[in-house]
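Beneath this line is the structure, given in structure tokens, with notes to follow.
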Amino acid sequence: MRVHAKFLLSATDAAQFPVPGPPEIAFIGRSNVGKSSVLNSLVGEKIARTSSTPGRTRTINFFEIRRPGQPSADFVFADLPGYGYARVPREMMADWPLFIEPYLTQRGPLALCVALIDANVPPQENDRQMVDWLRHNQRSFLVVATKSDRLSGNKLPQALRRLRDELQVDSPLPYSARTGAGRDELWQGIRKACARQNETLAG
Ligand code: GTP
Ligand code: MG
């Protein structure tokens with residue numbers, strides 16, 4: 001899918017969140033898992049900053065996504081700060097209850113959480129906690145296994161099976177921001193979740 005993306009704003013406080021508009025998609029996961037890279041690969045533009053140093057994204061960054069020919073935004077993407085990386089300063093974790101958790105629990109337009117987990121390492125305790133937390137809060141989510149280009153042969157199917165078994169998720173989606181693998185499937189999941197949200201709002 002071809003889209004136009006525009007940076008909207010950065011928030012470190014619930015009062016700074018954008019005025020509720022079109023359905024939102026949040027990208028969440030451990031620091032360095034590839035959240036900003038997946039967002040960029042979906043929109044086909046380096047609009048979100050990425051870095052090999054964990055902890056790059058420190059604010060919730062909102063982007064308006066518009067399909068060509070549409071008069072206004074179809075979706076809003078929210079690139080979130082990561083969690084749980086050993087080298088990420090402790091004070092960053094203190095941000096969670098301030099604005100990240102309120103966003104994920106209270107945000108009306110939030111239609112889908114894209115929960116990213118590194119395909120190259122076994123799922124970590126905090127990945128499990130994230131999935132449990134999303135279930136507990138009844139948020140729609142899709143598990144995406146990132147950096148799949150680094151796994152060859154039967155290593156990728158093995159990693160996906162492990163995610164399925166250990167996190168009890170139906171079909172984790174393998175993704176590579178480097179090659180674009182999984183891009184069409186993730187867009188499909190996003191469109192489906194947004195259509196569901198629009199139907200619910202229409203009553
Ligand atoms: P924080 O904002 O720090 O939480 O990180 P993030 O989750 O946004 O990760 P980011 O997109 O900044 O990527 C982290 C590192 O992983 C960068 O060095 C990327 O180049 C690399 N990376 C991201 N996606 C892929 C991928 O699909 N394949 C490979 N091989 N590397 C990737
Ligand atoms: Mg980031």
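The values are calculated or read from the model by the stated rules, or taken from the named source; none is laboratory data. Source: prediction; values computed, not measured. So basically every Cβ, Gly included, is an ideal-geometry build from the backbone, and we count neighbours across all protein chains shown. Please note that ligands, DNA and RNA were not included when accessible areas were found on the heavy atoms of the full protein model with its side chains. Shrake-Rupley method; radii C 1.70, N 1.55, O 1.52, S 1.80 Å.
Would you pull out the residues with amide H under 5 Å of Val144's amide H, same chain only if 5 or more places away, H placed 1.01 Å from N? Residues meeting the amide H criterion: Ala115, Leu116, Ile117, Leu173. Could you look at the chain and say what percent of its accessible area is carbon and sulfur, using a 1.4 Å probe and all protein chains? Carbon and sulfur atoms account for 46 percent of the accessible area of the chain.
When the chain is treated as a Gaussian network with alpha carbon springs shorter than 10 Å, the biggest mean-square fluctuation among Val131, Val33, Val19 belongs to Val19. Within the set Lys35/Lys192; Lys6/Lys147; Lys35/Lys147, which residue pairs have Cα atoms separated by over 22 Å? Violating the 22 Å limit, Cα to Cα: Lys6/Lys147. Search the structure for amide H atoms under 5 Å from the amide H of Asp74, placed 1.01 Å from N in the peptide plane, and list their residues when 5 or more places away or on another chain. Distant-sequence amide H within range of Asp74: Ile65, Arg66, Arg67.
Please tell me the relative contact order of segment 130-180 in percent, rounded to the nearest whole number, where contacts are Cα pairs under 8 Å and at least six residues apart. Reported as a whole number, the value is 46 percent.
Can you give the helix-only mean residue ellipticity at 222 nm for the chain, where every DSSP H stretch with n ≥ 4 adds -39500 (n - 2.57) and the sum goes over all residues, rounded to the nearest 500 deg cm²/dmol? Result for the chain: -9500 deg cm²/dmol, rounded to the nearest 500.
Mind checking the full-extension length gain between Val121 and Glu199? Use 0.36 nm per residue of separation minus the Cα-Cα distance, one decimal, nm. Show your work: numbers first, answer last.
Numbers: separation 78, 0.36 × 78 = 28.08 nm, distance 3.77 nm.
Result for the pair: 24.3 nm of gain on full extension.
Over all pairs of different C-alpha atoms, segment 69-181 has a mean inverse distance whose reciprocal, the Kirkwood radius, equals 15.7 Å. Computed 3J(HN,Hα) for segment 60-77, one whole-Hz value per residue from the Karplus formula 6.51 cos²θ - 1.76 cosθ + 1.60 where θ = phi - 60°, is 7, 9, 9, 10, 8, 10, 10, 7, x, x, 8, x, 9, 5, 8, 9, 10, 9, glycine and proline marked x.
Surface analysis of the chain yields an accessible area of 51 Å² per residue, using protein heavy atoms and a 1.4 Å probe. The gain in end-to-end length when the Asn137 to Gln168 segment is fully stretched comes to 9.5 nm, 0.36 nm per residue minus the alpha carbon separation. Here the relative contact order of segment 4-202, from alpha carbon pairs under 8 Å that lie six or more residues apart, stands at 23 percent. Label separation (Ser152 vs Lys192): 3.2 nm, computed from points 7 Å beyond Cα along the C-beta direction.
Multiplying each eigenvalue of the alpha-carbon gyration tensor of the chain by 5 and taking the square root yields semi-axes of 24, 20, 17 Å, largest first, rounded to whole angstroms.
Database remark: amide H of Ala48 closer than 5 angstrom to the amide H of Asn40 (H placed geometrically; neighbours at sequence offset of 5 or more, or on other chains; Pro and chain starts carry no H).
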